[in-house]
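Peer 1: To start, I am sharing the structure in question, which I have written as structure tokens.
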Amino acid sequence: MKFSIGQFRFWAIGLASVWLTLFVLFPNLLVILTSFLTRDPQATVSLPINADSYVRTLDLLYLRVLWDSLRMSLLAMIACLLIGYPFAMAIVSLPKRWQPVILFLVILPFWTNSLVRTYAIQFILGNQGIINKSLIGLGLIDKPMQLLYTQFAVILGLCYILLPFMVLPLYSALEKLDVRLHHAAKDLGAGPLSRFWHITVPLTSPGIVAGCLMVLLPAMGMFYISDLLGGAKNLLLGNVIKTQFLHTRDWPFGSAFSVILIVLLGFMLWLYFRASRFVSKQGGLNGSDF
Amino acid sequence: MNEPRALLNLNNLSKTYGANRVLDNFDLTIFDGEFFTLLGPSGCGKTTVLRMIAGLEDTDTGDIQLDGHNIGQVPAEKRPINTVFQSYALFPHMTVFDNVAFGLRMSGVAKEEIAPRVTEALEMVRLGDFAQRKPAQLSGGQQQRVAIARAVVNRPKLLLLDESLSALDYKLRQQMQIELKRLQRKLGITFVYVTHDQEEALSMSDRVVVMNKGKVQQLGTPREIYEQPANLFVAKFIGEINQLDGEIVEIDGNHEYEVRVEGLKWRLHAEHNFKVGDKVNVLLRPEDVRVEYIDDPHPDQYLVGEVVERNYKGKTLDSLIRLPSGIEVIASEFFDEDDPSFDYSLNQKVAIKWVPGWEVVLPHEV
């Protein structure tokens, strides 16, 4: 018995390690290496090794893009949190047998390619889209509002695509929350709002941070959202990287941006681990029921 | 003694979950300053009563009066009542200090008053040095004491304790029983304790209500409940008891009866009114049963039985003795080193009697 468990462990960990080495570690090392090389019109990249690409990212134009995309992603994250938290609380308050159904509905849109869904948003927001047409039809406005190709459209698109990533970790955190702690808080004189701030929010903070990261991290790189909904002005960091690789063919520069994005995301993950350590999950309750 | 003042009145409480009636027209009065215990097997409704008093459970019918005010519609957070939960339910993300301070902060107690009161409460449960720990860093007994401090710091009119000691091991439980009792005397707060452990109920309470199937079986002091059980359920639930079948053969008046038990006639006392021919249960506590050598001279009549089992319990020797009718009687005797006739061997014939008047005679129940 021991032998087969050992063998299973060897293969499971071994395969995962090989996979991660080949398809995550190795490509990332290549990206880091490329970021220190020089652009070469013939061979894509060439020696010498230098940090020119990083120096070039300090250009005000790119810092502006970095700031813009961080801001749009943060706004999308906050919007997702404000929508996702009450939504997750509502799911948890449903009878147990309905919860999986609602969760299934939450992830159902994944069955359609997100690019297709982004095109759909484009149609909805466009000057001839359903919103503008209805408002004009109702006589509320004379000419179409500019909804598409605005920051609002990008944030809306990010929110729409990424909301499930906020809801799922929040749901799992809220679902684990012990109702007995609520009873105890109630017994000690805490009204509904106090219970929410002093019990629910702190105890679900790992879920909040996880959800925020799951929205914020991918949002920075979702170039097709800003391509389709943001027009030329509202760029995400992902757009810059894509342009450098596919259009300008400046791989070292694109790689440098990728490395910056990875470092940024790594920093946020570090924050997450700090936050989850802050809330010690065990203790305070023993197993028996009240 | 002053006339006890009623603090809490439960009138006609009922609760039904689906087809299960957990509480059936339940009435109860709890006096100011007493240690009151709700005792019963699991599912008897005792925890439901406690949760209704706390405000964590709705009542189907009936009302709850605290100090003469109806609090049935008052939400839990507004009742001057605090609970020590079975699971302790300490807030895992807060320090011990913040846990204890929680209730004071919620009720808007002035900031400079909070720290001294929390410290005082923690010292009282001897956890003064643990204020900055998280609950996860404490042992079960310490968590228990934090839960108590967190409740009493609010100076509630009523402190509810829900099986609060059941998660502790035997030794710690004994220690906490004494501590709780001492705390209750010191604070003068009315304690309402819920337990299924009859020993705990007897040793701590001023009064006990024994519940079964959502109904009161008996209400009284521990002594009344142990020595004069109102019915067979109470008799069997509170401690061990031997049950013999009997029949009333003669009424001597003034609650004295001639009762035939195991073929012999005994003159017994009973609180109930019986007619000649009534079937009765004669109940005997194991420690009230006397076992003696059969060849000793006996002035009184006795039953003859055969020792089928002997159990050395340290303090006592428990013998299982089978009567000719097949009924087995447990006798629990304290060791007496000076008594040569103390030790019996298996299969030995012995004489059984009991101190007249220590038996309990109840109407026959199956």
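Peer 1: Order of A:206-217, B:129-140 by packing, highest average Cβ count within 10 Å first?
Peer 2: Result, highest mean first: A:206-217, B:129-140.
Peer 1: Further, regarding this structure: Mind checking which of A:LEU66, A:LEU20, A:LEU264 has the largest fluctuation in a GNM of chain A, springs on alpha carbons under 10 Å?
Peer 2: Of A:LEU66, A:LEU20, A:LEU264, the Gaussian network model singles out A:LEU20 as fluctuating most.
Peer 1: Here's a follow-up. Mind running the shape call on segment A:1-159? Use the C-alpha gyration tensor, a ≥ b ≥ c as the square roots of the eigenvalues: rounded below 1.5 for a/c, prolate if a/b tops b/c, oblate otherwise.
Peer 2: Oblate is the answer for segment A:1-159, as a/c is 1.5 or above yet b/c matches or exceeds a/b.
Peer 1: So what is the accessible area of segment A:1-123 per residue, in Å², with the probe set to 1.4 Å?
Peer 2: Here the residues of segment A:1-123 average 72 Å² of exposed surface.
Peer 1: Sort B:240-247, A:163-170 for me by packing, meaning the mean count of neighbouring Cβ atoms within 10 Å per residue, highest on top.
Peer 2: A:163-170, B:240-247
Peer 1: Sum -39500 (n - 2.57) across every DSSP H segment of at least 4 residues in the protein assembly as shown, then divide by the residue count to get the 222 nm mean residue ellipticity, nearest 500.
Peer 2: Helix contribution divided over all residues of the protein assembly as shown: -13000 deg cm²/dmol.
Peer 1: With +1 on each Lys and Arg Cβ and -1 on each Asp and Glu Cβ, how big is the dipole of the protein assembly as shown about its Cα centre, in debye rounded to the nearest 20?
Peer 2: Around 4640 debye, computed over the protein assembly as shown.
Peer 1: Suppose a student asked you for the relative contact order of chain B, using Cα pairs under 8 Å spaced at least 6 residues apart; what percent would you report?
Peer 2: 15
Peer 1: For segment B:80-173, give the magnitude of the charge dipole about the Cα centre (Cβ charges: +1 Lys/Arg, -1 Asp/Glu; no others), in debye to the nearest 20.
Peer 2: In total the dipole reaches around 20 debye.
Peer 1: In segment A:149-285, if the dipole is taken from +1 on Lys/Arg beta carbons and -1 on Asp/Glu beta carbons about the Cα centre, which of A:LEU162, A:LEU203, A:ILE225 is farthest to the positive end?
Peer 2: A:LEU203
Peer 1: Give me the net charge of A:VAL65's neighbourhood, meaning all other residues with Cβ under 11 Å from the Cβ of A:VAL65; Lys, Arg count +1, Asp, Glu -1.
Peer 2: For residues surrounding A:VAL65, the net value is +1.
Peer 1: Further question on the same structure: Can you tell me which aspartates and glutamates have their Cα less than 12 Å from the Cα of B:LYS78? Leave out same-chain residues fewer than eight positions away.
Peer 2: In chain and number order, the partners are A:ASP187.
Peer 1: Tell me: how much accessible area in total is hidden between B and A, 1.4 Å probe, Å², nearest 100?
Peer 2: In total, chains B and A hide about 2600 Å² from solvent.
Peer 1: In peptide B:152-163, how many Cβ atoms from other protein chains are near each Cβ within 10 Å, on average?
Peer 2: Whole-number average of other-chain Cβ neighbours for B:152-163 is 1.
Peer 1: Among the aspartates and glutamates, which have Cα under 16 Å from the Cα of B:LYS279 when same-chain residues fewer than 8 positions away are ignored?
Peer 2: Cα-Cα hits under 16 Å: B:ASP245, B:GLU247, B:GLU250, B:GLU256, B:GLU258, B:GLU262, B:GLU271, B:GLU359, B:GLU365.
Peer 1: Let me check against my output: what whole-number percent is the relative contact order of segment A:30-75, with C-alpha pairs under 8 Å and at least 6 apart?
Peer 2: 25
Peer 1: Further question on the same structure: If the cut-off is 21 Å between C-alpha atoms, which lysines fall inside it for B:LYS275, apart from same-chain ones fewer than 8 positions away?
Peer 2: B:LYS265
Peer 1: Residues of segment A:166-201 losing 20 Å² or more of accessible area relative to the isolated chain, 1.4 Å probe, heavy atoms only?
Peer 2: A:ARG180, A:LEU181, A:HIS183, A:ALA184, A:LYS186, A:ASP187, A:LEU188, A:GLY189, A:ALA190, A:HIS198, A:ILE199
Peer 1: A further question on this structure: How large is Rg over Rh for chain B, taking Rg from the Cα atoms and Rh as the Kirkwood inverse mean of 1/r across Cα pairs?
Peer 2: Computed over Cα atoms, the ratio is 1.06.
Peer 1: How many percent of the accessible area of the protein assembly as shown is carbon or sulfur, using a 1.4 Å probe?
Peer 2: It is 61 percent, rounded to a whole number.
Peer 1: Now for a separate question. Please report, ordered by residue number, every helix of chain A (full DSSP H runs) that is 15 Å or longer along its axis going by C-alpha atoms and whose mean Kyte-Doolittle hydropathy reaches 0.0.
Peer 2: TM-like helix candidates: A:2-20, A:60-93, A:114-125, A:151-176, A:205-219, A:251-278.
Peer 1: Still on this structure: With a/c under 1.5 counting as rounded, go ahead and sort the protein assembly as shown into rounded, prolate or oblate using the C-alpha gyration tensor (a ≥ b ≥ c being the square roots of the eigenvalues; past the cut-off, prolate if a/b is larger than b/c, else oblate).
Peer 2: Since a/c reaches 1.5 and a/b is larger than b/c, the shape of the protein assembly as shown is classed as prolate.
Peer 1: Using the heavy atoms of the protein chains and a 1.4 angstrom probe, tell me the accessible area per residue for segment B:186-301 in square angstrom.
Peer 2: 48
Peer 1: May I pose another question? Inside 10 Å of the C-beta atoms of B:101-107, what's the mean count of C-beta atoms belonging to other chains?
Peer 2: 5
Peer 1: Which of the three applies to segment B:232-366, rounded, prolate or oblate, going by the alpha-carbon gyration tensor with a ≥ b ≥ c and a/c under 1.5 meaning rounded?
Peer 2: It is prolate, given that a/c is not under 1.5 and a/b is the larger ratio.
Peer 1: Determine, for chain A, the count of lysine pairs separated by eight or more sequence positions (or lying on different chains) whose alpha-carbon distance falls under 29 Å.
Peer 2: For chain A, qualifying lysine pairs total 10.
Peer 1: When you look at the Cβ of every residue in B:138-148, what mean number of other chain Cβ atoms sits within 10 Å?
Peer 2: What the average comes to for B:138-148 is 1.
Peer 1: Let me ask something else. Could you give the size of the charge dipole of chain B about its Cα centre, using +1 on the Cβ of each K and R and -1 on the Cβ of each D and E, expressed in debye and rounded to the nearest 20?
Peer 2: Around 2020 debye, computed over chain B.
Peer 1: For segment A:169-239 and segment B:155-231, compute the distance between their C-alpha centroids and round to whole Å.
Peer 2: 45
Peer 1: Counting heavy atoms of the protein chains only and a 1.4 Å probe, report the per residue accessible area for segment B:115-161 as a whole number of Å².
Peer 2: Heavy-atom SASA per residue in segment B:115-161 reads 38 Å².
Peer 1: Next question. Helix B:170-187 versus the longest principal axis of chain B: what angle, 0 to 90°, nearest 10, using Cα atoms?
Peer 2: 60
Peer 1: May I pose another question? Given contacts defined as C-alpha pairs under 8 Å and at least six residues apart, what's the relative contact order of chain A, whole-number percent?
Peer 2: 26
Peer 1: B:LEU8: net charge of surrounding residues, Cβ under 12 Å, Lys/Arg +1, Asp/Glu -1, itself excluded?
Peer 2: Cβ neighbours under 12 Å give a net charge of -2.
Peer 1: Could you order A:THR118, A:THR34, B:THR119 by accessible surface area, starting with the largest, using a probe radius of 1.4 Å?
Peer 2: Most to least solvent-accessible, the answer reads B:THR119, A:THR34, A:THR118.
Peer 1: Ignoring everything but the protein chains, give the 1.4 Å probe accessible area of A:PHE267 in square angstrom, nearest 10.
Peer 2: So the heavy atoms of A:PHE267 present about 110 Å² to solvent.
Peer 1: Follow-up. Among B:THR37, B:THR95, B:THR195, whose mean-square fluctuation peaks in a Gaussian network model of chain B (Cα, cutoff 10 Å)?
Peer 2: B:THR95
The values are calculated or read from the model by the stated rules, or taken from the named source; none is laboratory data. Computed from a prediction, not measured in an experiment: that's the story for all the values here. Positions of Cβ are backbone-derived with ideal geometry, glycine not excepted, and every protein chain shown enters the neighbour counts. Heavy atoms of the whole protein, side chains included, go into the accessibility calculation; ligands, DNA and RNA do not. Shrake-Rupley method; radii C 1.70, N 1.55, O 1.52, S 1.80 Å.
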